[in-house]
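Scroll down for the structure; my scribbles are underneath it.
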2 protein chains.
Amino acid sequence: MAIGDDAAILNPDPNLQMVVSTDTLVADVHFKSSDNPTTIGHKSLAVSLSDIAAMGAKPKWALLNLTLPDLDQKWCNAFIKGFSQLLLKHETQLIGGDTTQGPLSITVTVMGETEQAITRNTAQVNDLIVVSGELGSAAFALHNPRKNKACNAQLRSPEPRLDVAKKVKKLATSMIDISDGLLADLSHICEASKVSAVIELTQIPINTIIKKDPNWMQYVLAGGDDYQLCFTIHIDDESQLPEDCCIIGQIIDTGEGVGGVMVLNQHQPIQTDSIAYKGYQHFNHD
Amino acid sequence: MAIGDDAAILNPDPNLQMVVSTDTLVADVHFKSSDNPTTIGHKSLAVSLSDIAAMGAKPKWALLNLTLPDLDQKWCNAFIKGFSQLLLKHETQLIGGDTTQGPLSITVTVMGETEQAITRNTAQVNDLIVVSGELGSAAFALHNPRKNKACNAQLRSPEPRLDVAKKVKKLATSMIDISDGLLADLSHICEASKVSAVIELTQIPINTIIKKDPNWMQYVLAGGDDYQLCFTIHIDDESQLPEDCCIIGQIIDTGEGVGGVMVLNQHQPIQTDSIAYKGYQHFNHD
């Protein structure tokens, strides 16, 4: 179902590629039912916009499928407020969706356009590895709900880094958004590009409050939900990096091993086996 | 999330319009959890393909968001079988989606292309009203689960009428799929086009077994889930109608009333107030 007809009609720009991303958020899995509905509305759109940013694209159209246990008008209004404020901010048009009764769940689909999509499988050996913003804030907030306002905001209302994507889209040789955690997501780039990566822990930008937590390394390397961007650039392009972007490592050859991510702490390799994260392949080196 | 990257990349045909439709099916609302998963897979795609058919478009790409209570491999395989058989039949490519844990629910988004989308708001006074296939079968099967195999198939595994859409796309002046029931869906055309409609009950094609049921009129006029097409054509184009399409009435002026649907039974107007259906506006005439 779409607004006003069986389907929405689009006239995509014939000179651009279209990118499409979709995410489902389920109550009490991806967010708490008791969370502020305005932040649920914001986040349910933000995660898909973040995927569009990771492709170096500009979002254009969105679909919202909302499954609600009952029609709580106050909840709906608050949800739509958070959703539509973010839509408006990124000049994205809601073109359709579906509303059904059932256990609370939200599916958002976003379509965007770009001259040339940036994918995960095009990182080159010697490229520099860059991240935007600070990492680990969302995971810190999840485990320390009352400690830091900025970290809480990062968890509840992440801002998709479309600003960064716009600035680096000509520069990035590969890109991904950090939704599963830095090691997992950088591993996705390495696997897809058939390369390995080495990163220096002390170069990763973090909120200083996190450093005091005994689990800080876990949050920074494996904490999901940050929705920052991780991308690679050619080694000669360092001077063109925008503000709020930090070089944290370099792409290297896999040698004879399987592609993976090696983490150094002040130039010394550290074991990351005990750091639980999804999708990680152990880095093989002699 | 999309297969292999943050988002799927499409290169739409620059000479065509794109249409997008999305539907969510929730367990024990839109289907029974205990239904055959192959038919659930089929139906979850069929309802969105039906919307694409109603726009006179050809489906090209699909997204599948699947929320599952647990990873039951046997159930998943059967679901994917039903889903992918229908995808293959209509040469539609699965380009992405999301898999999450939670109460069973399925969101399918289909994108299609067409030279010129057919909408609901372009029916003209004097146009003939046409339906494809037989109506009321799905509703009959819902209330009589063990009586008729063909009706059961219509309910569990409806075939989206992309075949009809392809044949009438140059002919139809407006079109909709019959998902809510004939009166409700034809009313949508009338409201959007600011016209009224008069239909003759005896002209509506039905499975003869339905006629023996005391509620047959309800099934035919207000039974949802048929996923046949209802469309209008210019009065001169009658001879060009393909097989399996029946003229059931004509578009008329609203006069001074609000647009609506008048039903005749052997040329005599009948009361449809007692027939429960969604979205219907009572037909006003003196």
At A:Pro242, label 7 Å along Cα→Cβ: distances to the other copies, nm, ascending? 4.9
Calculated label separations, A:Gln116, copies of the chain, 7 Å along the beta-carbon direction, nm: 3.8
Go through B:175-182, A:266-273 and give me the packing order, highest mean Cβ count within 10 Å leading. B:175-182, A:266-273
In debye, nearest 20: dipole of chain B around its Cα centre with unit charges on the Cβ of K, R (+) and D, E (-)? 860
Go through region B:237-253 residue by residue and turn each phi into a ³J(HN,Hα) via Karplus (6.51, -1.76, 1.60, θ = phi - 60°); whole Hz please, and just put x for glycine and proline. 9, 3, 5, 8, 5, x, 4, 6, 10, 10, 7, 10, x, 9, 7, 10, 5
What gaps in nm, shortest first, separate B:Asn265 from its twins in the other copies when you place the label 7 Å past Cα toward the beta carbon? 8.2
For region B:128-270, with the dipole built from +1 on Lys and Arg beta-carbon atoms and -1 on Asp and Glu ones, taken about the Cα centre, which of B:Ser157, B:Tyr219, B:Leu128 lies farthest toward the positive end? B:Ser157
May I ask you to derive the relative contact order of region B:17-114, considering only C-alpha pairs under 8 Å and at least 6 residues apart, and to give it as an integer percent? 49
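Please report the relative contact order for region A:104-233, taking Cα pairs under 8 Å with a sequence separation of at least 6, and give it as a percent rounded to a whole number.
Once divided by the residue count of region A:104-233, the mean separation gives 45 percent.
Starting from region B:7-113, pick out the trypsin sites (Lys or Arg not before Pro) whose DSSP state is loop and whose Cβ has at most 11 other Cβ atoms within 10 Å.
Loop-located and lightly packed - B:Lys32.
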Subtracting the Cα-Cα distance of B:Ser274 and B:Thr202 from 0.36 nm times their residue separation yields 24.0 nm
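As a test of the formula, what do you get for the protein assembly as shown when each DSSP H run with n ≥ 4 contributes -39,500 (n - 2.57) and the sum is divided by the residue count, at 222 nm and rounded to the nearest 500 deg cm²/dmol?
Helix contribution divided over all residues of the protein assembly as shown: -8000 deg cm²/dmol.
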Which one of B:Ala123, B:Ala141, B:Ala53 has the biggest mean-square fluctuation once chain B is modelled by GNM with Cα springs under 10 Å? B:Ala141
Bridge orientation stat for region B:141-286 from DSSP, antiparallel percent rounded to 5, came to 75
About the Cα centre of region B:128-270, how large is the charge dipole given +1 on each Lys and Arg Cβ and -1 on each Asp and Glu Cβ? Please answer in debye to the nearest 20. 560
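I want the antiparallel fraction of DSSP beta bridges within the protein assembly as shown, as a percent rounded to 5. Could you put the intermediate results ahead of the total?
Working: 89 of 115 bridges.
Percentage antiparallel, nearest 5: 75.
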Region B:111-144 to region A:36-55: how many Å between their Cα centroids? 36
Under the rule that an exposed site lies in a DSSP loop and has at most 16 other Cβ atoms within 10 Å, name the longest stretch of chain B with no GluC sites (Glu not before Pro) of that kind, not counting the sites themselves. B:116-242
Could you tell me the relative contact order of chain B? Use alpha-carbon pairs under 8 Å, at least six residues apart, and round to a whole percent. 22
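Bear in mind that the values in this text are calculations on the coordinates, not laboratory data. Small disclaimer: the values here were computed from a predicted structure and weren't measured. For neighbour counting, all protein chains shown are included, and Cβ atoms are generated from backbone atoms with ideal geometry for every residue, glycine included.
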